[in-house]
1. Is there a pair in K262/K357; K238/K271; K94/K255; K262/K328; K46/K94 whose C-alpha atoms are over 24 Å apart, and which pairs would that be?
2. Using +1 at the Cβ of each Lys and Arg and -1 at the Cβ of each Asp and Glu in region 167-274, identify which of G237, V198, A222 lies farthest towards the dipole's positive end.
3. How large is the dipole of region 207-345 about the Cα centre if only Lys and Arg carry +1 and Asp and Glu carry -1, each at its Cβ, rounded to the nearest 20 debye?
4. Could you work out how much longer the chain between D194 and E397 gets when fully extended? Use 0.36 nm per residue separation minus the Cα distance between them, nm to one decimal.
5. Through the Karplus equation 6.51 cos²θ - 1.76 cosθ + 1.60, θ set to phi - 60°, convert the phi angles of region 404-416 into ³J(HN,Hα) values in whole Hz; use x for Gly and Pro.
6. Once you put a point 7 Å from the Cα of F437 and another 7 Å from the Cα of E300, both along the Cβ direction, what distance in nm separates them?
7. Can you give the charge dipole size of region 83-242 about its Cα centre, rounded to the nearest 20 debye, using +1 on the beta carbon of Lys and Arg and -1 on the beta carbon of Asp and Glu?
8. Let's test the formula: R0 of 22 Å, r as the Cβ-Cβ distance of E165 and I113. What FRET efficiency results, to the nearest 0.05?
Amino acid sequence: MFDDQSREYKNQFVALDAIDVDEYKQFVGDKAIEELKWLAEPLKDKVWANVNSTFIGGGVAEMLRSVIPFARGLGINCRWFVIEGAHDFFSVTKKFHNLLQGIKELDITMEEIFHAYLETIQQNLEKTRVLAHMVVIHDPQPAAAIMSGNIFGHILWRCHIDTTEASRRIWRFLMPYINQYSGAIFTDESFIKDGLQVPTYQISPCIDPLQPKNRQRTHEEAIKTLAPLFEKNNIDGKRPMILAVSRYDIHKNQKSIIEAFKKVKAIPSVKKQKPIFVIVGNSASDDPEGMTMYKTICDEIAGDPDIYPLLNIENNDEYIGALMKVSKCFIHVSTKEGFGLVVTEAMWHGTPVIGSKVGGIRQQVIDGNTGFLVEPFDVEKITSYMQLLLENKETRENLGENAIERVRKNFLLPTLIKKYLVLMRYYLEIDAKNPEFRINEITYSEIRHAIFGKNSWTFTSEEIKDKIGKLLEELETTNINFKDR
């Protein structure tokens, strides 16, 4: 673990077992799973490594906990490494996150960049070598790891953040690192900024239907599951519920939802129903601002007896899934959103979503078909859709049925795995054709590689050529030594 006094880092490896991928046939059909097996056949025993900054908290860690076992179930040697850091590391990377999502007025010192960020990255990888046929490094926290000299293979940077209005300062800082990668993956084409010299790809996150949170329940099962939570927090489960689930974060815009709920519950026809609003949020080890924002939200609620702000609830996945099932509608009106897995989760439970017209939410919510889209601060429109969904059962059911099918076709785990397999096949030159989800045309890095490919060494030192040859030989083997936790 991390020792704040000695500043020594021991890179952590997450061990997860393979699962039976045939269990997913019930959700996507036999044909989709057989296609995945075919794609994976030449990749068996090849190594696919993932690097991120936290075991728990947030969508990236949640997805990796399903991606790794699924890939292993296909015979791929899939690995997950987590870098470690102290509070100052996560403080500066949270600033990176906010700057990438458009907050302009944030000060970052040279001490934070060179000591808290770059030094932490280097210390994480000083004694750990990651060798893989494909390495995916997730988000800005470990982005500089590409320069450590201890990661080998086809290395891709995966950006899960909405960067449509990214600060030029942070983008120009990260761009030289990103341009050292073999490629970059974004959730939406609109997130790509100028200056990238590497291939770019569009891949949407997905949910795992076998996880407890996403298990589809009956309304009766959900109510029974929620009984302990309702009793503990003095919540009347018989009253109609509006639900919001997210980190407590300035971009999640919980204030607008609270304002809209206070308005809707005052409407005479709605007032008779006595609706309640439940806000659930988790803290994450890489988000030092979470508790501060939670306190701000509690101040905004100002003791309203119909609003329940919950933090880090126990039995989280079971409770969240059950809450999504029993809610009349789900609200997620972020000001910025890379994707918003909670939107997918609510839709999978057949709950209509009121979402904002930003980022990846627009990929999921089809306005008037699977839910409603609004501007983040349009409290009047949010209020009107809340009223509609509270009062009109037929509308709720139609939107909910459409939402389930949209998730089934586009946002379940096998769909995500397929795109990563296609990428791996492409970079290992099993397939010559560019992936159909590639965004940009031929890039500078590809032209450079075509001219100075791996078989066109111009080094005069026999020692250097020998070292490179050994690394390439080691990369082709399957018995690669990783530093296990």
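1. K46/K94
2. Toward the positive end, the furthest listed residue is G237.
3. Value, rounded to 20: 760 debye.
4. Net length gain for the segment: 68.8 nm.
5. 4, 5, 5, 5, 4, 7, 10, 10, 9, 3, x, 5, 5
6. About 3.2 nm, to one decimal.
7. About 360 debye.
8. Once the sixth-power term is evaluated, E becomes 0.55.
Bear in mind these aren't lab numbers, they're just calculated from the coordinates by the rules spelled out. All figures in this text were calculated on a predicted structure; none of them were measured in a lab. Please note: Cβ atoms are built from the backbone with ideal geometry, for glycine as well, and neighbour counts cover all protein chains shown.
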